[in-house]
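This report refers to the structure that appears directly beneath it.
Values in this text are rule-based calculations from the coordinates and carry no lab data. Computed from a prediction, not measured in an experiment: that's the story for all the values here. A quick note on method: Cβ atoms are made from the backbone with ideal geometry, for glycine too, and the neighbour counts reach across all protein chains shown.
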Amino acid sequence: MSELVLECKGLTKKFGRKTALDNIDLKLGRGKIIGLLGPNGSGKTTLIKTANGLLAPTGGKVLINDKIPGRETKKIVSYLPDQTYLPQWMKIDGLIEMFSDFYADFQPQTAYEMIKSLNINPSEVLKTLSKGTKEKVQLILVMSRRAQLYLLDEPIGGVDPATRDYILDSIIKNYSENATVLISTHLINDIEKILDEVVFIKNGSIMLHNSVDDLRESEGKSVDAIFREVFKC
Amino acid sequence: MLKKLIKHEIKATSRFMFVLFATLLAISVMMAAVMRFNTGSGDLYLSSVAGRLSIGHYNVFWEILSVFIILAYATVNIAAGCAMFFYAINRFRKNLLEKEGYLMHTLPVSAGENISAKTIVSVMWTIISIIAIIISVVIVCAISVGKPFFTNLHNFLLSNGVQTMLNSGKFWIIAFEFLICILAELMNGYLHIYASMAVGYSINKRRAAASIAVFILLSVISFAVSAPFVYLFPNMFSNDHIHFAIWCEIILDLLTGIGFYFITAYFLNKRLNLQ
């Protein structure tokens, strides 16, 4: 098994004339919670989509466990998109069955326990749930996998502070040992306490990649303060 | 994984199809009742119904109801024939090209398996829809005509002409070839639609219109591929060459179908544009 769970080598993605990712080189190790931090339109979602094989790179490559994104890498990557994406007509228990069918590392018992702890009825249809509850259900499904890499795109965007705490708590409690969690967000203050490393991304380029402890020590500021300084308009 | 995809695809589509078939069955029974009443062959049965509903043979309400049921029967039959076509378009769009695509394209399956599952299930439901329409016609005939329908059907099947045809090996070979041809046509048709949508939805704006334009373009290309066969073998549709004509059609369907499959897979892999 490679030491790196995710590696970008000269990764470039262009949409027409616009460059969304500009020759990115990035190496992410195992067993860490990493914040992918940047303002809106900086390339966070594009990077995560490319790592999931949802976008093909224009140049360079992204490797998951030394492999180009495909069927094999999807077995070990658990992905949470930045929007509600599950079929709205499905019941929660139907979704749990579907995830069990397709992902060998999915733990239905964990999912049911988390659903129960939130007092959600597993026989409820997704479209009848509130937006916040839907987001919790999506996160529960994603975090009930024993994946090697979790790619969470804006998991706390658009939810109330109480739900944010629940989501962050679920991530810490449920990510498997030796797995890496990459969380994209611009709400640094809420997430800073759980991060081991941060990656700052701006205009499709990596501005900074460092451990949170080293950064705090060298700069003498919180990650949030450093972010505000780096991305000052 | 293909089996699992097919299982979930059937589960997702059966909700709609079962409602359609239940409606078809109900309207068939009503249609049969109307026909039995209007032909006068069911006087005894309908007079008791009419008695309870206080409706007589020439009641205006009953006549309006009859016309409504006949129209509804025709509409539901047409809907059953076309429904899967429109439903397959909608399902492909929602499930693979829009939000649900975030789930379907991150399952540990290939784009080819996703396309195959959609095609197999769409072809399956189309065939079941055709069978359902035939059953609906039989129900209408059986209830409206009653016992004479079965007697006539029995006599027809035992008639010399039909028996000679059924005992001939040539009939069964052509029937088999025809069945394969229908399957190839359906598969080709759905893959044609999927390829058009995969290309059309890879752009940012006017995606539906772009899909229609690509559909027309692919139709022209398919026609250009098949035209030389008709030109080279002008007598292929005569009785003597019927097997040749059917197999040519099957091979052309398979070849263009494979082309559509690879176009779809390429665009889902390399040009996916989920919105």
Dipole in debye (nearest 20) - region B:73-119, about Cα centre, beta carbon charges: Lys, Arg +1; Asp, Glu -1: 80 debye
Whole-number Å³ per residue for the convex hull built on Cα positions in the protein assembly as shown: 219 Å³
Cβ neighbours within 10 Å from other chains - mean over B:104-113: 5
Within the protein assembly as shown: Cβ-based charge dipole about Cα centre, in debye rounded to nearest 20 (Lys, Arg +1; Asp, Glu -1): 580 debye
Hydrodynamic radius by Kirkwood, which averages 1/r over all alpha carbon pairs of region A:67-138, in angstrom: 13.2 Å
If the convex hull is drawn through the Cα atoms of region A:36-98, its volume per residue in Å³: 126 Å³
Span-like helix ranges in chain A, DSSP H, alpha carbon extent 15 angstrom or more, Kyte mean at least 0.5: A:92-102
Equivalent ellipsoid semi-axes, region B:120-174, via Cα gyration tensor eigenvalues times 5, rooted, Å: 25, 22, 4
Intensity falloff of region B:85-212 expressed as log10 I(q)/I(0), Debye formula with alpha-carbon point scatterers, at q = 0.12 Å⁻¹: -0.68
Against the rule of thumb 2.2 N^0.38 Å, how large the Cα Rg of region A:38-169 comes out: 1.09
Projected-area mean, chain B, by convex hull of Cα positions, square nanometres: 19.7 nm²
Pairs of Cα atoms farther than 25 Å apart, chain A, %: 40 percent
Dipole of chain A, positive direction: furthest Cα of A:Ile171, A:Thr12, A:His186, with charges on the beta-carbon: A:Thr12
Geometric extent, Cα atoms of region B:74-152 - Rg, Dmax (angstrom): 18.5, 58
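Give me the dipole magnitude in Debye, nearest 20, for region B:157-259 about the Cα centre, with unit charges on the beta carbon: positive for Lys and Arg, negative for Asp and Glu.
500 debye
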Whole-number D in µm² s⁻¹ for region A:131-233, Kirkwood Cα-pair radius fed into Stokes-Einstein, 37 °C, 0.692 mPa s: 223 µm²/s
Net charge over other residues, Cβ less than 14 angstrom from the Cβ of B:Ile182 (K, R count +1; D, E count -1): -4
Which listed pairs, of A:Lys9/B:Lys205; A:Lys127/A:Lys202; A:Lys116/A:Lys193; A:Lys14/B:Lys99; A:Lys32/B:Lys270, have C-alpha distances above 29 Å, in listed order: A:Lys9/B:Lys205; A:Lys127/A:Lys202; A:Lys32/B:Lys270
Helix B:60-92 axis, angle to chain B major axis (alpha carbon atoms, nearest 10°): 20 degrees
Region B:134-275: Cα Rg divided by the 2.2 N^0.38 Å rule of thumb: 1.51
